[in-house]
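The values are calculated or read from the model by the stated rules, or taken from the named source; none is laboratory data. Because the structure is predicted, anything quoted here is derived from the model rather than measured. Cβ placement follows ideal geometry from the backbone for every residue including glycine, while neighbour counts extend to all protein chains displayed. Note: areas computed on protein heavy atoms with side chains; ligands, DNA, RNA excluded. Shrake-Rupley method; radii C 1.70, N 1.55, O 1.52, S 1.80 Å.
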Amino acid sequence: MLQDVASKYPPFPTMPLADRQWPNRRITRAPIWMSTDLRDGNQALFEPMPGEKKLAFFQSLCRLGFKEIEVAFPSASETEFQFVRTLIETNLIPEDVRIEVLAPARPELIRRTFAALSGARDAIVHIYNATSAQFREIVFGMEREAVKALAVDATRLCRELAEQGNTKITLEYSPETFSATEPEFALEVCDAVTEAWGATPENRVILNLPGSVEVATPNVYADQIEWMHRRLARRESVILSVHPHNDRGTAVAAAELALMAGADRVEGCLFGNGERTGNVDLVTLALNLYTQGIHPGLDFSDLGAVARMAEEYTRIAVHPRHPYAGDLVFTAFSGSHQDAIRKGLAARQASGAIRWNIPYLPIDPADIGRGYDSIIRVNSQSGKGGVAHLMETHYGIVMPRRLQVEFSRVVQRHAEASGGELEAGTLWQLFSTTYLEADAPLQYRSHHRLDAGNDEGIELEIVLAGETRRLAGTGNGPIDATLAALRQAGIMLEIRSFEERALGSGGNARAVAFVEVARSGATGTCYGVGIDENIVTASLRALLSAANRLMAREREPDSKNQGRG
């Protein structure tokens, strides 16, 4: 590792703002929300959405309550241009929604962008150029005056084109890489833009100050926003917007502090999609406000449906631990957590209190269409998160991640065949049949430990293809010793993963073991599961279960022995 790290990565300078006010402020109202899912989020996908998916996503965003939606980069491609035309020509934009389109500060691209908007009732044209020293010197080779002139000339062209058309145009300007730009120069450029546009309180300019790359801690970004907020000329004629990215993993915090520092508007994506590490997560940001008594003006009352919608259109999974939306965020595995939550819910019910005051739960799951117990249902369209949630909440089976993937395939095949919803009891029967009852050709009978000096010795009694066998082996533990014993019968296995957990609590607790095995020299793995009062017995049952499932799969005529499951 580099030793002289401070020389390679010097700290970003702090702002000279000794009288900063934002630390003493609270957010008291929701910002103007602007979704960039269809532009910034779309261009960040491995496979950008085709027109029909973009349209469906646009309509979903409208239903969620977004009033400003960045829909395209019309000058980038004919596909993007035609998407804007489709929205306008087929009258698909609701009366209370403004679309936004993006264009670099280049005359020919701005003209193409305005052509895409022909016939629109109301639209935002968002122009940008990079302003930081890094881009001026390395990327463009331009002096400050040339960079400012680029922004001013683009603004004047936008004003000219707006005056020629019938569309009500709101100008948005971004000094791209604002967070790394010298504050006084960013201010100079922004003031020049509002002057060139002729901004007034009735014709406000959106000045968007993006954290194009997070270069410092969120408090520094807040200082930058407050510094601009207090010094902008024509501030009453400006909507101050922020567009935080998540390079340091602090975009939500940066956005919240920026609102405290004077920002009026936030741009971002559902669940933090976007270039590189993503844009600010609007779902998390909005629900953070909700938990502080501020209604965000967006409808996340069925957050599970929103997550599934976003996953379908973007093909990016929402992490099971994602704030608010993850499959597992309202599932407590710890007995102490479960006890505290149960007591909190019982106390609230007994008192009839309105205030939400439940340990470990900052939001009422019911407010976003969730529940602490079993609100998740499983059918052929369900993913591994829903299956895992029901297995955990009903039976205490906390499956390893790869086992979740493997078992979800079993569930999906059953659901597709039955064509209906699967109750928790059906899931348990599938799980039991698949893993706990996988006892052929190897069937566990008993085992006992052997004295093997410094090693672990084990004698295993099994039924192998109808014949009772006693196999012995030594190793560095009971599992390793059992592998050695099985080799005597020509069964060559390798352990890929092993986990054990308590099932229940107190004197009646049992052990559950999960073993993932592979055939020596072959591809593909299989899981096995064992449950017993004794952890070693549970582990051996899991190992034999995995071996049986692996051998059964290898006997299938169409088995390619590729992948897991």
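Residues of segment 237-257 include at least one that is in a loop (DSSP other than H, G, I, E, B) and among the polar types (S, T, N, Q). A single member of Thr277, Thr284 is part of a loop (DSSP other than H, G, I, E, B), in contact (Cβ under 8 Å) with a residue 24 or more places away in the chain and among the hydroxyl-bearing types (Ser, Thr, Tyr), and it is Thr277. Do we have Glu163 as modelled with pLDDT of 95 or more, open to solvent by 80 Å² or more (accessible area, probe 1.4 Å) and part of a helix (DSSP H, G or I) here? Spelling it out, Glu163 is indeed modelled with pLDDT of 95 or more, open to solvent by 80 Å² or more (accessible area, probe 1.4 Å) and part of a helix (DSSP H, G or I). Applying the set (1) aliphatic (A, V, I, L, M); (2) touching a strand residue (DSSP E or B) at 6+ places or on another chain (Cβ under 7 Å); (3) within 18 Å of Glu554 (Cα to Cα) to Ala452 leaves exactly one unmet item: (3).
Filtered by the rule that a residue be part of a loop (DSSP other than H, G, I, E, B) and either open to solvent by less than 10 Å² (accessible area, probe 1.4 Å) or in contact with a strand residue (DSSP E or B) (Cβ under 6 Å, 6 or more places away or on another chain) (or both), segment 188-211 gives Ala199, Arg204. Segment 1-88 holds helices (runs of 4 or more DSSP H) entirely within its bounds, and those carrying 2 or more residues that are over 22 Å from the mean Cα position of the chain (by Cα) and either closer than 20 Å to Ala253 by Cα or modelled with pLDDT under 95 (or both) map to 5-8, 51-64.
Might you let me know whether segment 101-112 holds any residue that is of a type in the set (Lys, Arg), open to solvent by less than 10 Å² (accessible area, probe 1.4 Å) and closer than 26 Å to Pro244 by Cβ? Before the answer, list the steps.
Of all residues in segment 101-112, those of a type in the set (Lys, Arg) come to 106, 111-112.
The next check asks that each one be open to solvent by less than 10 Å² (accessible area, probe 1.4 Å); those that pass are none.
No: segment 101-112 contains no residue that is of a type in the set (Lys, Arg), open to solvent by less than 10 Å² (accessible area, probe 1.4 Å) and closer than 26 Å to Pro244 by Cβ.
For first residues located in segment 83-108 and in contact (Cβ under 8 Å) with a residue 60 or more places away in the chain, partners that are open to solvent by 20 Å² or more (accessible area, probe 1.4 Å) and not in a helix (DSSP H, G or I) and lie 6+ apart or on another chain with Cβ distances below 6 Å form the pairs Arg98/Asp122; Leu102/Arg39; Leu102/Phe73.
Can Leu150 be described as assigned to a helix (DSSP H, G or I) and either polar (S, T, N, Q) or farther than 28 Å from Glu137 by Cβ (or both)? Against the criterion (assigned to a helix (DSSP H, G or I) and either polar (S, T, N, Q) or farther than 28 Å from Glu137 by Cβ (or both)), Leu150 does not qualify.
The residues in segment 500-525 that are in a strand (DSSP E or B) and more than 19 Å from Val398 (Cβ to Cβ) can be counted, and the count is 4. Within segment 125-160, the set of residues being open to solvent by 10 Å² or more (accessible area, probe 1.4 Å), in contact (Cβ under 8 Å) with a residue 24 or more places away in the chain and over 19 Å from Glu70 (Cβ atoms) comprises Ala133, Gln134, Phe135, Arg144, Lys148, Leu150, Val152, Asp153, Arg156, Leu157, Arg159. Of the residues making up segment 512-550, those that are among the aliphatic types (A, V, I, L, M), open to solvent by 10 Å² or more (accessible area, probe 1.4 Å) and within 37 Å of the chain's Cα centre (by Cα) are Ala522, Ile531, Ile535.
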